[in-house]
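Enquirer: Attaching a single structure in structure tokens format; questions to follow.
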């Protein structure tokens with residue numbers, strides 16, 4: 001249990017630069033941490049059952065690739081807490097984008113603290129050391145504790161760690177998102193004031209915010225701002241809109257330099273780890289995490305350049321089994337340790353989410369429709 | 001898919017073209033089928049049989065999924081059996097079958113058969129075409145563009161074969177010229193309606209959604225519609241079989257049934273029931289694992305990504321659930337899920353099966369509906385006949401030995417499909 005887990009377990013992580021590991025160091029430093037965490041994870045009956053069925057013994061773990069991964073959707077069906085109930089201070093409920101059921105992610109104080117620490121360190125790499133005004137292209141309800149935790153909430157909460165002040169540009173009326181003109185009038189004042197950073201769901205920025213600005217012939221100047229955006233790429237891809245065109249439109253409407261429009265990849269189940277694009281368009285893996293791209297047929301780790309499912313590994317959580325989560329997203333490793341941006345370690349790119357199977361043909365569902 | 005009707009360069013069409021009406025295709029097919037009608041039945045069967053032999057020797061065709069089985073199915077003796085069971089003996093060629101002393105009946109083709117071919121089994125359309133052709137019908141096959149190349153190759157090959165019969169050389173062109181291959185979006189209601197309207201007989205393979213939509217399309221009043229809709233298959237073994245010396249070879253057959261077509265066929269088993277015996281379900285699972293592991297690698301074709309994801313999630317569910325058990329390969333070759341939920345599990349496909357124990361094989365009977373197609377039956381002789389009658393009464397269409405679940409038999413889905421594609425003409429002579 002984590003009350004006896006060594007609190008200094010992650011000291012090697014915090015002592016190093018967030019993108020300071022070369023790949024051989026990552027394996028050497030993360031492996032003993034994860035081995036210990038997996039031993040503690042056996043208190044969860046589901047994890048114990050899992051390890052027994054696949055005959056896995058954490059004591060015999062010799063590489064990060066051997067860590068038993070679970071599909072990220074399992075948080076919708078199982079209680080994967082690895083601490084006693086009384087230590088859980090918060091349960092994230094994430095609807096995600098792929099189904100109706102809600103993921104439940106139990107957090108204890110240590111996990112929350114680790115996640116916040118990690119996020120701050122990642123953001124500092126992209127925003128510098130000072131806190132700034134945080135402009136959110138979403139409605140205030142998205143961050144309300146009363147509402148369900150979605151991927152958008154995760155983004156807003158995570159990035160707000162760096163905020164001096166938060167401004168929400170949208171409002172929700174009858175379930176419809178629209179620009180809040182009352183807030184928009186403050187934008188020029190905000191632009192001329194302290195430095196800002198902006199966050200929004202990619203599809204919402206594209207389909208709600210930018211059309212409004214164009215329709216009302218509004219343009220702003222945020223030459224020093226950074227815009228983080230993520231999610232909803234499938235809809236943009238359906239419209240043949242790529243990262244470059246998106247960044248170009250942002251530059252036209254908000255005056256943000258294209259290189260400062262940063263797409264990032266992340267998920268509620270791995271809060272604390274986000275993967276923003278670097279200046280060269282690649283995503284880097286922070287020191288507390290690892291990425292393995294797995295071949296979708298063999299499930300073996302792919303080589304550099306090969307497309308496969310993204311597995312996100314993390315040592316941040318003590319309160320649930322998040323050490324190795326296999327996502328439904330595909331990506332490919334671009335290189336190891338050699339990105340021209342200077343960040344060390346694996347760098348990769350997100351490709352797209354795998355479309356769920358629809359049983360077709362003569363061998364489809366057994367269910368009989370009620371109608 | 002482009003928003004038009006693609007007619008592929010095969011069969012009666014020498015060049016690929018885009019059309020917006022089927023009239024020219026039907027016109028060509030009407031000419032071809034008149035010639036076909038005058039060919040002796042034996043020649044038709046012999047041409048297909050010759051084709052079946054030659055496809056395995058043609059380097060251009062190697063690698064087509066299911067080709068060895070197609071070749072086997074086109075054996076002359078099998079074709080003769082199919083012909084006899086569907087039409088009786090010598091019913092074509094103008095020769096009649098007598099009903100009584102004064103009345104006889106003649107079998108004639110329905111005309112142009114339009115086939116809506118599901119995309120899950122690459123060669124499905126070819127089997128359907130053969131059944132239509134032995135009844136001397138012309139065929140328009142609406143196929144998925146992904147299998148167009150395979151079909152074009154096969155029809156071109158068919159055109160090249162020849163047989164010598166009663167002093168005359170006949171070529172397969174008469175068969176290939178009586179077929180046309182088309183693709184268009186099923187969502188295009190105008191093309192779908194036009195396709196349906198030209199049919200003298202409609203043959204529909206597909207999911208519930210697909211067959212319902214196609215059934216509602218307008219058609220000629222005389223057109224018959226043959227529906228091969230969504231079906232579910234499973235297998236049952238009784239305790240006598242589980243404890244018999246044959247059990248391992250039965251499981252080897254079952255393993256092949258699971259792996260073929262990546263379990264996407266209507267005849268693919270998804271749930272396997274075992275009657276309670278001294279052998280535990282886990283041990284049976286281990287035996288099935290062995291059977292799956294010994295199958296040749298070439299049978300394990302890549303899963304589509306959505307199916308792979310469904311298998312991965314099912315594996316996660318069974319691995320984490322303390323009330324369930326699982327055996328799984330390191331890759332996605334096979335997945336054996338073990339649980340005691342008494343049900344027919346929803347198909348996951350992707351070579352993922354569900355093993356369950358029942359105290360008596362009769363317990364399974366109430367689960368059977370008209371949606372069950374094939375039951376792979378591993379039963380000792382003592383119970384077999386009575387059990388088959390029960391299965392049949394409750395809705396099962398086919399009862400097969402494990403290892404033969406996918407054999408394309410006639411009848412299929414409770415029907416003699418080729419027989420449905422002909423008309424019977426009554427003739428009173430005196």
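Enquirer: Given the criterion more than 12 Å from chain A (Cβ to nearest Cβ), touching a residue at least 60 places away in the same chain (Cβ under 8 Å) and either surrounded by fewer than 20 Cβ atoms within 10 Å (Cβ to Cβ) or over 26 Å from residue B:247 (Cβ atoms) (or both), identify the matching residue among B:357, B:381, B:385, B:390.
Expert: Sole residue among the options that is more than 12 Å from chain A (Cβ to nearest Cβ), touching a residue at least 60 places away in the same chain (Cβ under 8 Å) and either surrounded by fewer than 20 Cβ atoms within 10 Å (Cβ to Cβ) or over 26 Å from residue B:247 (Cβ atoms) (or both): B:357.
Enquirer: What single numbered condition from (1) modelled with pLDDT of 95 or more; (2) in contact with a helix residue (DSSP H, G or I) (Cβ under 9 Å, 6 or more places away or on another chain) fails to hold for residue B:200?
Expert: In the conditions (1) modelled with pLDDT of 95 or more; (2) in contact with a helix residue (DSSP H, G or I) (Cβ under 9 Å, 6 or more places away or on another chain), residue B:200 misses (2) alone.
Enquirer: Related question: Can you list the strands (runs of 3 or more DSSP E) lying wholly within region B:343-430 that have 3 or more residues being at pLDDT 95 or above and within 22 Å of the chain's Cα centre (by Cα)?
Expert: On the way: elements: B:352-358, B:372-378, B:398-400, B:422-428.
Filter on region B:343-430 gives B:372-378, B:398-400.
Enquirer: Sticking with this structure for a sec: Of the conditions (1) at pLDDT below 95; (2) away from chain B (no Cβ under 14 Å), residue A:61 fails just one. Which one is it?
Expert: Unmet condition: (1).
Enquirer: Across region A:236-290, which residue is surrounded by the fewest Cβ atoms within 10 Å (Cβ to Cβ) among those that are under 17 Å from the mean Cα position of the chain (by Cα) and over 27 Å from residue A:107 (Cα atoms)?
Expert: A:281
Enquirer: Here's another thing I want to ask about it. Applying the selection to region B:61-75, what residues are surrounded by 11 or more Cβ atoms within 10 Å (Cβ to Cβ) and more than 19 Å from the chain's Cα centre (by Cα)?
Expert: Taking region B:61-75 and keeping what is surrounded by 11 or more Cβ atoms within 10 Å (Cβ to Cβ), we get B:61, B:64-75.
Within region B:61-75, B:61 is the sole residue that qualifies.
Enquirer: Within region B:61-80, is there a residue that is touching a strand residue (DSSP E or B) at 6+ places or on another chain (Cβ under 6 Å) and away from chain A (no Cβ under 14 Å)?
Expert: Looking for residues that are touching a strand residue (DSSP E or B) at 6+ places or on another chain (Cβ under 6 Å) and away from chain A (no Cβ under 14 Å), one finds none in region B:61-80, hence no.
Enquirer: Look at residue B:417 and say whether it is assigned by TED's automatic domain parsing to the domain that holds residue B:205 and touching a strand residue (DSSP E or B) at 6+ places or on another chain (Cβ under 8 Å).
Expert: yes
Enquirer: Among the residues of region B:132-185, what is the count of those that are part of a helix (DSSP H, G or I) and under 12 Å from residue B:47 (Cβ atoms)? First the steps, then the outcome.
Expert: So in region B:132-185, the residues part of a helix (DSSP H, G or I) come out as B:132-134, B:145-160, B:173-176.
If we keep only those that are under 12 Å from residue B:47 (Cβ atoms) too, we end up with B:133-134, B:157-160, B:173-176.
Counting residues in region B:132-185 that are part of a helix (DSSP H, G or I) and under 12 Å from residue B:47 (Cβ atoms) gives 10.
Enquirer: A follow-up question, please. Counting just the residues of region A:68-88 that are closer than 25 Å to residue B:324 by Cα and away from every other protein chain (no Cβ under 14 Å), which one comes out surrounded by the fewest Cβ atoms within 10 Å (Cβ to Cβ)?
Expert: A:85
Enquirer: Right, next: Where in region B:17-131 are there strands (runs of 3 or more DSSP E), lying fully within it, with 2 or more residues that are under 24 Å from residue B:220 (Cβ atoms)? Write out each step before concluding.
Expert: Values: elements: B:17-19, B:103-109, B:112-116.
Once the strands (runs of 3 or more DSSP E) in region B:17-131 are filtered for at least 2 residues that are under 24 Å from residue B:220 (Cβ atoms), what remains is B:103-109, B:112-116.
Enquirer: For a quick check of your reading: which helices (runs of 4 or more DSSP H) sit entirely within region B:186-289 and have at least 3 residues that are closer than 24 Å to residue B:144 by Cβ and more than 14 Å from chain A (Cβ to nearest Cβ)?
Expert: B:189-197
Enquirer: Can you pull out every residue in region A:312-340 that is more than 14 Å from every other protein chain (Cβ to nearest Cβ), surrounded by fewer than 23 Cβ atoms within 10 Å (Cβ to Cβ) and touching a residue at least 24 places away in the same chain (Cβ under 8 Å)?
Expert: A:332, A:334, A:335, A:336, A:337, A:339, A:340
Enquirer: Also, I was wondering about something else. Kindly list the number of the only condition in (1) within 30 Å of residue A:356 (Cα to Cα); (2) within 22 Å of the chain's Cα centre (by Cα); (3) not in a loop (DSSP other than H, G, I, E, B) that fails for residue A:79.
Expert: (3)
Enquirer: Which one of these is away from chain B (no Cβ under 14 Å), at pLDDT below 90 and in contact with a strand residue (DSSP E or B) (Cβ under 7 Å, 6 or more places away or on another chain): A:135, A:91, A:105?
Expert: None of the other options fit; the residue is A:91.
Enquirer: Now a separate question. Across region B:290-337, what is the number of residues that are within 12 Å of chain A (Cβ to nearest Cβ), in contact (Cβ under 8 Å) with a residue 40 or more places away in the chain and assigned to a helix (DSSP H, G or I)?
Expert: Result for region B:290-337: 4.
Enquirer: Quick check on my filter: what residues within region A:187-221 are closer than 25 Å to residue A:232 by Cα and outside any helix (DSSP H, G or I)?
Expert: A:196, A:197, A:198, A:199, A:200, A:201, A:216, A:218, A:219, A:220, listed by residue number.
Enquirer: Here are some conditions: (1) crowded, with 17+ Cβ neighbours inside 10 Å; (2) in contact (Cβ under 8 Å) with a residue 24 or more places away in the chain; (3) farther than 25 Å from residue B:148 by Cβ. Residue B:85 meets all but one. Which one does it not meet?
Expert: (1)
Enquirer: If you don't mind, another one. Give just the number: which of (1) in contact (Cβ under 8 Å) with a residue 40 or more places away in the chain; (2) within 14 Å of chain A (Cβ to nearest Cβ); (3) within 14 Å of the chain's Cα centre (by Cα) does residue B:130 not satisfy?
Expert: Answer for residue B:130: the failing condition is (2).
Enquirer: Follow-up. Quick one: how many residues across region A:31-51 are within 14 Å of another protein chain (Cβ to nearest Cβ), surrounded by 14 or more Cβ atoms within 10 Å (Cβ to Cβ) and assigned to a helix (DSSP H, G or I)?
Expert: 7
Enquirer: Find the residue count for region B:137-187, including only residues that are under 23 Å from the mean Cα position of the chain (by Cα) and surrounded by fewer than 16 Cβ atoms within 10 Å (Cβ to Cβ).
Expert: Total satisfying the criteria: 4.
The values are calculated or read from the model by the stated rules, or taken from the named source; none is laboratory data. The structure displayed is predicted, hence computed values, not measured ones. Every residue, glycine as well, gets a Cβ built from its backbone with ideal geometry; the counts of neighbours run over all protein chains shown.
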